Amino acid sequence: MDFIDIKKIKELVNRKNFLLRFMFLLSGVTLLALVYNVFFLPNDLVTGGTSGLAIIIHKLTGLNPQLFLYLTSIILIVISFIFLGKEETTNTILGSILYPLMVSATVPLANFLRIYLVFDSFLVLVLITGLLYGVANGIIYKVGFTTGGSDILMKIVNKYAQIPEGKSVLYINSIIIILGGFTFGLNKMIYSIIILVLNSVIIDRILIGISSSKLFFIYTKETKAVRDFIINDFKSGVTMLDTKGGYREESGYLLMCVVPTNDYYYFKETVLAIDPTAFFVINDCYEVRGGVSRANLPFNS
């Protein structure tokens with residue numbers, strides 16, 4: 001396989017198990033919307049993103065948070081099409097539309113639940129919020145989707161300002177959290193940071209993995225095609241190790257590549273789409289230094 005149509009491969013990956021993945025997305029977005037209506041909005045907890053911005057704008061102007069989410073979702077989808085293109089927008093458009101819809105749809109249930117979800121300690125409320133927030137986000141990320149919002153802004157900043165994705169989302173959300181601190185006070189800002197830490201721990205250690213990166217060892221008959229995908233499309237480094245099978249004593253190459261956890265699904269499914277018979281072993285990475293990795297590239301997208 002000397003030539004591989006990456007665009008076609010991406011389309012196949014996005015369509016794979018779509019109905020099942022959509023059901024998980026719907027479940028995750030519904031839980032996320034409930035957490036927003038039950039915990040975040042009534043308690044002025046701002047953890048970044050357009051949802052956090054909606055709470056701040058509501059406090060300052062009285063604008064309905066649901067209306068703000070609808071408006072920003074539409075605007076950001078349009079901006080994404082313009083600056084990122086159709087391909088990059090595909091995985092965010094469903095979540096971007098579903099999230100504000102579910103925020104509106106879950107208001108009656110949220111009002112009912114708030115009657116019974118009363119805690120003596122605000123810290124207990126914060127811990128439960130962080131746990132549920134992490135579970136909801138973990139479900140969404142695990143099936144390869146996002147809810148748009150700051151994720152779209154992050155990709156634009158990453159593409160045009162050449163700032164890595166992790167730093168981009170950190171900068172954007174930090175600004176929103178600081179604005180929340182000025183609006184609602186230092187205590188609420190600290191509680192919001194606690195929620196974010198819990199959210200990160202739940203996503204990384206329970207739903208997606210226990211590390212920020214995965215180490216792939218890949219043995220494939222389509223060595224060149226997989227290597228070209230990693231270098232040219234995935235924009236990461238890869239190491240080719242000379243190997244000899246113990247059973248058939250066949251010589252070949254073992255590809256080694258470090259992959260960020262949030263790209264796990266896309267990377268794995270793309271390799272399998274290139275070579276359905278590929279054999280690979282995946283390990284957690286606790287620390288990665290040096291080399292050419294996707295996270296170290298200032299222009300990765």
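No lab work stands behind these numbers, since they all come straight from the coordinates. Source: prediction; values computed, not measured. Backbone-built Cβ (ideal geometry, glycine too); neighbour counts: all protein chains shown.
Per-residue Cβ neighbour counts within 10 Å put Cys257, Cys285 in the sequence Cys285, Cys257, beginning with the fewest.
What separates the Cα centres of the stretch 104-149 and the stretch 224-250 is a distance of 42 Å. Peptide packing: for 181-189, 228-236, the average count of neighbouring Cβ atoms within 10 Å per residue gives the ranking 228-236, 181-189, highest mean first. Phi angles of the stretch 265-273 translate, via the Karplus equation with coefficients 6.51, -1.76, 1.60 and θ = phi - 60°, into HN-Hα couplings of 4, 4, 5, 4, 5, 5, 4, 5, 5 Hz per residue; Gly and Pro are given as x. A cut-off under 12 angstrom between Cβ atoms defines the neighbours of Asn14, and their net charge, with Lys, Arg +1 and Asp, Glu -1, is +3. Residues Thr277, Thr243, arranged from fewest to most other Cβ atoms within 10 angstrom of their Cβ, appear as Thr277, Thr243. Counted by Cβ distance under 12 Å from Gly144, the other residues give a net charge of +4, where Lys and Arg count +1 and Asp and Glu count -1. Annotation: the residues Phe216, Phe280, sorted from fewest to most other C-beta atoms within 10 Å of their own C-beta, follow the order Phe280, Phe216.
Here the Gaussian network model covers the chain, with springs between Cα atoms less than 10 Å apart; of Ile175, Ile93, Ile56, Ile175 fluctuates the most. Pairs from the list Lys7/Lys167; Lys214/Lys244; Lys224/Lys244; Lys8/Lys235; Lys224/Lys268 with a Cα-Cα gap above 20 Å: Lys7/Lys167; Lys214/Lys244. Dividing the summed -39500 (n - 2.57) terms of all DSSP H runs of n ≥ 4 by the residue count of the chain sets its mean residue ellipticity at 222 nm at -19500 deg cm²/dmol.
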